[in-house]
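Notes to accompany the following structure.
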Amino acid sequence: MRKFFTLVIAAFLAINFGAKAQTNLLAGWDANLLGYQQTNIANTEANKWGWASTFSTATWGTANGSGVRFMDVTSSSSPVHYNADGTVAFVGREFLYRWDGSYWGATLSLGKGDGTTTTVTPITLSACTSYTLSGLYEWWANGSQPTYSFSVSTAQTGGTIIATGSYSYPSATKNRLQSFSLTFTCPTTGAYYIQVKQTNGTGSGNGTLIGIANLSMTQNSSQTLNVNNSSFAFSPSVLSKTFTVIGNALTSDVTLTAPAGITLDKTTIPAADAQCGVTVTATFDNATAISNDTIRITSGTLTQKIAVSSSVSSASCFTPLYSDRTNQVPDAYCSDLSGFGGWGIKSIVYGADSYCGNSCVKFAGTTNTYPNGAALDKSGYAWAANSAYRVKFMYKTVDGTLGFMANGANPNFSFSIPQTTDQWATIDTVFTTGAAPTTGFFSINNVDASATGKIAYIDNYELYDITNIDARLKSMTLDAGSLSPAFAPSITNYSVSLPTGTTSVTPTVAAEVAAATISGNGTVDVTSGSGASTIQVTATDGVTTKTYHINYLVGVPTGIQAPTQKMTVTVAGDVVKVQGTLAGDDVKVYSVNGQLIQSVVAASDVIALNLKSGVYVIKVNDKVLKVVK
């Protein structure tokens, strides 16, 4: 696998014409082939020809000798050194360097040498000029399958690296020369060196011998027009994007055009300015629906395109949970991955794949492990101590479950995201951090919580700090009897059966947010045979409240369940009466298609509901009644 990096940008799209042969700025890297076929070995030590190492006691030998050296290989060498596919023997000079043993971790560098001393001078490069560093490399011997980096820097070790590429040797078979190529634009005129490192492994056990051949650095004279992005997806949370235009040896100015709804801060770039790279900002009007359109960048006969689409804000599609606080998710509309971290096989997909709007995130993992699973992360997130967070998103899983992880929350918080068999569903939950959280991350992925799914979609993703509006209880216990149902922060109505002879009962409660205010949790007198607690939690904003109701009934011996609550429904005109409720019962009325019509809390044993003619489902706590009127 090869990766390309440049100063201005990685992975440029490029169009070029008219390439010409150029002078190799690294001429002499191989001692000008002195000593080829061992006819002359005088002054063929590589450190006299610009090579150096941070390993100070490296042994530098003459060509075809021992130590760090040049080696002349032929089709009869042992071993034979082949091209990448192993079909043709390489014949020529290689530079041989070792990272095994005590050499491990050293930086190999190349400048210019005079052929007689070990003095190294830098390579001079010009500002706003395009160059290509290229050559062949091979895993010669020792160690394990390596990864090497080739870089251009202002120093022999360290310094400012202006371009770098990482190259993983692709075969378990040694002695196959692989090509590498690194194209970059120099930022400033000055002195530079080539740096080479083995980057994988943790010590000498993974050190290798590398062979380097056909080294070249040339100035590019061909006309090229490059941009650093291939597509943009705009949304209400992504209203602007930037891209860089860079051209080499252009003879015409660069013109830029955008579709309706997109404004560019530059529509013309002089050819001379493009040589050093120019940043352009594209701004979306958050009103125009864009699908399958492009931003066009043109110079003469050269053209580049950036695909553009947009999601327009629509309350029927997605309304954020809160308008008074910041969504911690980089892009709620899931139209742009640039603000997210994570790893694996994920992408932005468009159209019918999204829940609503124009786009969503798709997981397309092949395993449930790194690196071929998928993780959508917000990295470097500093959790607040003793704080409540609400996370909500739409999701669709095709072949299994996902996981959510809040890493560093003290303790880490995670849960399983259920399988939906290719149907959209909602996750909406709240979690609380501990007293000593750390900077961590939050993630939807296919690894945590024993996830089994690989293909999934995510849309309308939100996470908020709701500490000042969190009015939930964290716990509720009694000094007599037990709650029914069992306590959960989201359940607000409970009944309690107390044994005969009980005269009082005291609830003990704690809020999810310690600074919240609690009232109504005092001792209740039940000498009459019944009683109730109405416990109100007020969030730290002083406005948001949540009320919990407990109904007590005395006279049922311990271990014997209280009589089942019986209710009747009568209809008189537009009024529906439900009899048999208890104070504090949660009463909800739904249409037959599941739409919530009314929600009230019973104040006594009779509740009157005003309803038009129709069919309704009335739910009192967990009891369901059906009404036709």
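Table for the structure above
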{"quantity": "The chain, accessible surface, carbon-and-sulfur percent (1.4 angstrom probe)", "calculated": "50"}
{"quantity": "Surface accessible to a 1.4 Å probe, per residue, for the residues of the range 461-561, Å²", "calculated": "45"}
{"quantity": "Cα gyration tensor category, rounded, prolate or oblate, for the range 401-526 with a/c compared to 1.5", "calculated": "prolate"}
{"quantity": "Debye, to nearest 20: dipole size of the range 238-360, +1 on Lys, Arg Cβ, -1 on Asp, Glu Cβ", "calculated": "140"}
{"quantity": "Pairwise label distance in nanometres, residue 272 with residue 66, each label 7 Å out on the Cα-Cβ vector", "calculated": "6.0"}
{"quantity": "Residue-averaged [θ]222 nm for the chain, counting only DSSP H segments that reach four residues, each worth -39500 (n - 2.57)", "calculated": "0 deg cm²/dmol"}
{"quantity": "Gain on full stretching of the segment that runs from residue 54 to residue 32 - 0.36 nm per residue minus C-alpha separation", "calculated": "5.5 nm"}
{"quantity": "Within straight-line cross-link reach of residue 566, lysines at Cα separation under 23 Å, skipping those fewer than 8 residues along the same chain", "calculated": "577, 588, 619, 623, 626, 629"}
{"quantity": "Computed E for residue 291/residue 597 - FRET, C-beta separation, R0 30 angstrom, nearest 0.05", "calculated": "0.20"}
{"quantity": "Residues residue 168 and residue 452, FRET efficiency given R0 of 35 Å [Cβ-Cβ distance, rounded to 0.05]", "calculated": "0.70"}
{"quantity": "Accessible area expressed per residue, the range 104-226, with surrounding protein chains retained (probe 1.4 Å, Å²)", "calculated": "34"}
{"quantity": "FRET efficiency, 1/(1 + (r/R0)^6) with R0 56 Å, evaluated for residue 147 and residue 567 via beta carbons", "calculated": "0.20"}
{"quantity": "Dipole-positive endmost among 228, 104, 169 within the chain (Cβ charges, Cα centre)", "calculated": "169"}
{"quantity": "Total charge dipole magnitude, the chain, about the Cα centre, Cβ charges on Lys, Arg, Asp, Glu only, Debye to nearest 20", "calculated": "580"}
{"quantity": "Cut-off under 5 Å, modelled amide H: who pairs with residue 26 long-range", "calculated": "217"}
{"quantity": "Where labels lie 7 Å past Cα in the beta-carbon direction, separation of residue 435 and residue 121 in nm", "calculated": "6.7"}
{"quantity": "Placed amide H near residue 231: partners under 5 Å, 5+ positions off or other chain", "calculated": "307"}
{"quantity": "Distance in nm between pseudo-label sites at residue 216 and residue 483 (7 Å out along the Cβ direction from Cα)", "calculated": "7.6"}
{"quantity": "Filter on 48/112; 346/378; 362/396; 396/454; 396/474 - keep pairs with C-alpha separation over 19 Å", "calculated": "396/474"}
{"quantity": "Cα gyration tensor shape for the range 206-323, rounded if a/c is under 1.5, else prolate or oblate", "calculated": "oblate"}
{"quantity": "Placed amide H near residue 495: partners under 5 Å, 5+ positions off or other chain", "calculated": "484, 551"}
{"quantity": "Prolate/oblate/rounded call for the chain, Cα gyration tensor, a/c under 1.5 rounded", "calculated": "prolate"}
{"quantity": "Extension gain from residue 84 to residue 379, taking 0.36 nm per residue of separation minus the Cα-Cα distance", "calculated": "102.3 nm"}
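The values are calculated or read from the model by the stated rules, or taken from the named source; none is laboratory data. As the structure is a computational prediction, the values presented were derived from the model and not from experiment. Counting neighbours? That spans all protein chains shown, and the Cβs are built from the backbone with ideal geometry, glycine included. Note: areas computed on protein heavy atoms with side chains; ligands, DNA, RNA excluded. Shrake-Rupley method; radii C 1.70, N 1.55, O 1.52, S 1.80 Å.
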